[in-house]
Amino acid sequence: MPFEPLSLRFEKKSFVTKIKDIENHVYFLQKGIVEVGIHKEGDEKIIDFVFAGQFFSSYTSFLLRKPSDVYITCLTECMVEAIPYEILQEAYKVSLLANQFGRIITETAFMERVKREKDFLSKSAEERYLELIERRPEVIQLIPGGRIAKYLGIHPESLSRIRKAIS
């Protein structure tokens, strides 16, 4: 059952998924930068930044078919390939390759989340920042400091102090 993923283009600052939407696709980012975030108690938290060559989705909503508790927005113009939920479910029924694909994507997302949780519990903001610039140097060049601070779970002033201390 061959299928072609949908090719979609999103403008800068547009939403891929809004909070309370039911996620209907898994996306592969061909070009651009995507932000995944949440609003909690009137405050915005950034969960992740996604770069070209990575998969993304509001996975909980996608898997459970329930409204999303996160937003996904484009920080730049983005080009994505999208696989609809129904097509992926059909592919799982008939294809070992599709099942392996789904397992790898899910395992990768799970391991990234576990690492982030452990980092928040065991590392200082400075250690998380240093690891971020080592692992993803493009973040520092392409994403405003205020967004990076939210991702690290700190205030912009704290990020400024960290940057001064390490330079």
(request) Could you give the size of the charge dipole of region 6-122 about its Cα centre, using +1 on the Cβ of each K and R and -1 on the Cβ of each D and E, expressed in debye and rounded to the nearest 20? (result) 100 debye
(message) What does the charge count around residue 154 come to, taking other residues whose C-beta lies under 11 Å from its C-beta (Lys +1, Arg +1, Asp -1, Glu -1)?
(response) +1
(message) Please report the spacing between the Cα centers of region 47-72 and region 122-152 in Å, no decimals.
(response) 20 Å
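Quickly estimate the mean residue ellipticity at 222 nm for the chain, helices only: each DSSP H run with n ≥ 4 gives -39500 (n - 2.57), and the total goes over all residues, rounded to 500.
Helix-only estimate at 222 nm: -14500 deg cm²/dmol.
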(message) Which of rounded, prolate or oblate describes region 1-79 when judged by the alpha-carbon gyration tensor and an a/c cut-off of 1.5?
(response) oblate
(request) Among the trypsin sites (Lys or Arg not before Pro) in region 29-132, which ones are in a DSSP loop with at most 14 other Cβ atoms within 10 Å of the Cβ? Mind listing them? (result) 65, 123
(message) Report the number of Lys pairs in region 6-122 whose alpha-carbons are under 15 Å apart, with separation of 8 or more residues or on distinct chains.
(response) 7
(message) Tell me the angle of helix 85-94 to the major Cα principal axis of the chain, expressed in degrees between 0 and 90 and rounded to the nearest ten.
(response) 60 degrees
(request) With a ≥ b ≥ c taken as the square roots of the eigenvalues of the C-alpha gyration tensor of the chain, please select rounded if a/c is under 1.5 and otherwise prolate if a/b is larger than b/c or oblate if it is not? (result) prolate
(message) Taking the 0 to 90 degree range and rounding to the nearest ten, how far is the long axis of helix 96-122 tilted relative to the main principal axis of the chain, both from C-alpha atoms?
(response) 20 degrees
(request) Note down the nm distance, to one decimal, between modelled labels 7 Å out along Cα→Cβ at residue 39 and at residue 114. (result) 3.3 nm
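Computed from the coordinates by the stated procedures, all read-outs in this text should not be read as laboratory data. What you see is a predicted model; the values in this text were computed from it and never measured. No Cβ is skipped: glycine too gets one built from the backbone with ideal geometry, and neighbour counts run over all protein chains shown.
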